[in-house]
Each structure stands twice: as structure tokens, then as C-alpha cells.
1. Output the qualifying pairs, or none if there are none: Cβ atoms under 6 angstrom, residues six or more apart or on different chains, first residue in segment 1-17 and without any contact (Cβ under 8 Å) to a residue 12 or more places away in the chain, second residue assigned to a loop (DSSP other than H, G, I, E, B) and surrounded by 13 or more Cβ atoms within 10 Å (Cβ to Cβ).
2. Can you find even one residue in segment 38-47 that is under 24 Å from residue 2 (Cβ atoms), touching a residue at least 40 places away in the same chain (Cβ under 8 Å) and loosely packed, with under 15 Cβ neighbours inside 10 Å?
3. Just checking, does segment 58-65 include any residue being within 17 Å of residue 128 (Cα to Cα), crowded, with 16+ Cβ neighbours inside 10 Å and among the aliphatic types (A, V, I, L, M)?
4. Kindly indicate whether residue 101 is surrounded by fewer than 13 Cβ atoms within 10 Å (Cβ to Cβ), modelled with pLDDT of 95 or more and acidic (Asp, Glu).
5. If you go through segment 1-14, how many residues are closer than 12 Å to residue 105 by Cβ and touching a Ser or Thr at 6+ places or on another chain (Cβ under 8 Å)?
6. Being within 14 Å of the chain's Cα centre (by Cα) and surrounded by 14 or more Cβ atoms within 10 Å (Cβ to Cβ), is that true of even one residue in segment 13-25?
7. Within segment 105-128, how many residues turn out to be of a type in the set (D, E, K, R), without any contact (Cβ under 8 Å) to a residue 40 or more places away in the chain and in contact with a strand residue (DSSP E or B) (Cβ under 9 Å, 6 or more places away or on another chain)?
8. Kindly indicate whether any position in segment 46-69 is touching a Gly at 6+ places or on another chain (Cβ under 9 Å) and within 26 Å of residue 13 (Cα to Cα).
Amino acid sequence: MNTVFEREQLVRFGHCDPAGIVYYPRYFEMLNELVEDWFAHGLGLPFDMLIGQRRVGMPTAQLDTRFVRVSRHGDRLVQRICIERLGGSSVKLRVAFVGDDGTRVEFTQVLVCTSLSDHKPQAFPDDLRAALERSLAAQQETTT
């Protein structure tokens, strides 16, 4: 997987269920935090600016998940985002959370750019498209 953005996540006590493993809905919260961090730190376009000031939404239109291994309190997960496809108003991501023993959970996520005025899809704003294209180009450079 060629990564466009990566960060580390410590599995905290609050992420875990009584069995001592990550309660699966917490993975979705971690995913959302990762995507927000990618927009802010990887693309330079924080969600609070896009959503609050510019009224541009990036809702999830599709989310496929594969749980591979359990994660426990204290584990460190390397979270990686890869752009699989960039369209006119959507981007398809592949995301993996990896522990020291391999992949713990994988996601395929489609985000759609929308107007928060009418909640209908719209083309990416020019600066967001340019940031996504730069990210994709950097990702493709690592494969060659």
C-alpha cells in the first residue's frame, strides 16, 4: 500500500470493551479522526475551515471494513491512507491500521464533496482538488 498520509494511534483504555480489545465502533471514530488529520496536516485544508467557513462537506458515501486481528489497550497502530481513485466530486481511499503483528483493520472509504447548502454533490473546490492531485502524484512517485 503506497501511503499518502500516515500517523500513529495509541489504543487507549476508552477504546476497549470489557474483553480488553478495541470495541469495533471505536475503529470508525479513529478512522474519522485520521481523515480529519489528513485534511488538516496532509492536504492543508482543515475540516473546520471547509465545513464551518466554506460550507463544503465531505461525507462518507460508502465504507467497507475488514477486521483482521484484534487490538488491545496499549497497542500502537500505524494508520495509513492511500488514494485509490480521484473523481470529479469523490475520492476513494484505502486505509489500513497496522500493528506490530500486521494489519488489524482495513477500510475502503468513498468521500463525496457536497455543498452544505443543499447537501448535493459538487465538484471539488480548486484548492482541494489541487491538494488531492498533489497527494496522488506523491503517492504514485513512491511506486515507480
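The values are calculated or read from the model by the stated rules, or taken from the named source; none is laboratory data. Keep in mind the model is a prediction, meaning the values are calculated, not measured. No Cβ is skipped: glycine too gets one built from the backbone with ideal geometry, and neighbour counts run over all protein chains shown.
1. Listed by first residue and then by second, the contacts come to 17/23.
2. yes
3. yes
4. The answer is yes for residue 101.
5. 1
6. No, because not a single residue in segment 13-25 is within 14 Å of the chain's Cα centre (by Cα) and surrounded by 14 or more Cβ atoms within 10 Å (Cβ to Cβ).
7. Let us first name the residues in segment 105-128 that are of a type in the set (D, E, K, R), namely 106, 118, 120, 126-127.
Subset that is without any contact (Cβ under 8 Å) to a residue 40 or more places away in the chain: 118, 120, 126.
Within this subset, residues satisfying the condition of being in contact with a strand residue (DSSP E or B) (Cβ under 9 Å, 6 or more places away or on another chain) are 120.
Matching residues across segment 105-128 total 1.
8. Yes; the residues of segment 46-69 include at least one that is touching a Gly at 6+ places or on another chain (Cβ under 9 Å) and within 26 Å of residue 13 (Cα to Cα).
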